[in-house]
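*Asks:* Below is the structure I would like to discuss, written out as structure tokens.
The values are calculated or read from the model by the stated rules, or taken from the named source; none is laboratory data. Bear in mind that the values here come from a model prediction, so they are computed numbers and not experimental data. Methodologically, a virtual Cβ is constructed for each residue, glycine included, from the backbone with ideal geometry; neighbour enumeration extends over all protein chains shown.
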Amino acid sequence: MMDASSDLFVRWMQLEQKLIERFGKKPDLETVLFLIGIQEKGELRTKFTKEEKQDLMHIAVCSLLSQSGYFQLDYQDEEGWPHFTQLKAMPDMSLKEQEDFLKDHVLLYFEQKGF
């Protein structure tokens, strides 16, 4: 029987494989968050500033964790940037646990998007 972390590992590898087929290279978690941020903001362009990239990854994390009730989308500003309110504190986790927690939410996100 597989434990949760090996199940997560297998599902993450499957997602990575789909993303490799789509984009031609293996994305890390930050890249996946960046892609989700772009998707959530709904703005496709080739150049983003370093600050915008960080903002897009923040949007991704908030969007992902809103699936579990940690954040709620409040509004979009006049430039189309979503703004979130944190509804509950994140559980105390090690770095590895945080990464797995996020990956699990990423997988849920892609499932819901039918990817």
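*Asks:* Within the stretch 46-60, does at least one residue satisfy the condition of being of a type in the set (Val, Ile, Thr) and surrounded by 13 or more Cβ atoms within 10 Å (Cβ to Cβ)? Write out each step before concluding.
*Replies:* Just the residues of the stretch 46-60 that are of a type in the set (Val, Ile, Thr), to begin with: 46, 49, 59.
Subsequent filtering for residues that are surrounded by 13 or more Cβ atoms within 10 Å (Cβ to Cβ) retains 59.
Yes, the stretch 46-60 contains a residue that is of a type in the set (Val, Ile, Thr) and surrounded by 13 or more Cβ atoms within 10 Å (Cβ to Cβ).
*Asks:* Output the residues belonging to the stretch 95-111 that are hydrophobic (A, V, I, L, M, F, W, C) and surrounded by 10 or more Cβ atoms within 10 Å (Cβ to Cβ).
*Replies:* Of the residues in the stretch 95-111, the ones hydrophobic (A, V, I, L, M, F, W, C) are 95, 101-102, 106-108, 110.
Scanning the stretch 95-111 gives 101, 102, 106, 107, 108, 110.
*Asks:* State all residues of the stretch 1-44 that are of a type in the set (Gly, Ala, Ser) and crowded, with 17+ Cβ neighbours inside 10 Å; if no residue qualifies, say none.
*Replies:* Across the stretch 1-44, the qualifying residue is only 37.
*Asks:* While we're looking at this one, here's another question. Residue check: is residue 92 exposed (fewer than 13 other Cβ atoms within 10 Å of the Cβ), assigned to a loop (DSSP other than H, G, I, E, B) and either without any contact (Cβ under 8 Å) to a residue 60 or more places away in the chain or out of contact with any Leu (no Cβ under 6 Å at 6 or more places or on another chain) (or both)? Explain how you work it out, then say what you get.
*Replies:* Details: exposed (fewer than 13 other Cβ atoms within 10 Å of the Cβ): yes; assigned to a loop (DSSP other than H, G, I, E, B): yes; either without any contact (Cβ under 8 Å) to a residue 60 or more places away in the chain or out of contact with any Leu (no Cβ under 6 Å at 6 or more places or on another chain) (or both): yes.
Here the answer is yes, as residue 92 does meet what is asked.
*Asks:* Still on this structure, I have one more. Specify which of the listed residues (72, 54, 14, 39) is in a strand (DSSP E or B) and of a type in the set (S, T, N, Q). First the steps, then the outcome.
*Replies:* Values: 54 fails: in a strand (DSSP E or B); 14 fails: in a strand (DSSP E or B); 39 fails: in a strand (DSSP E or B).
It is 72.
*Asks:* Evaluate the following for residue 112: is it within 16 Å of the chain's Cα centre (by Cα) and modelled with pLDDT under 95?
*Replies:* Values: within 16 Å of the chain's Cα centre (by Cα): yes; modelled with pLDDT under 95: yes.
Yes; evaluated as a whole, the condition is true for this residue.
*Asks:* Oh, and also: (1) without any contact (Cβ under 8 Å) to a residue 60 or more places away in the chain; (2) surrounded by 11 or more Cβ atoms within 10 Å (Cβ to Cβ); (3) within 16 Å of the chain's Cα centre (by Cα): which one isn't true of residue 87, the others all being true?
*Replies:* (3)
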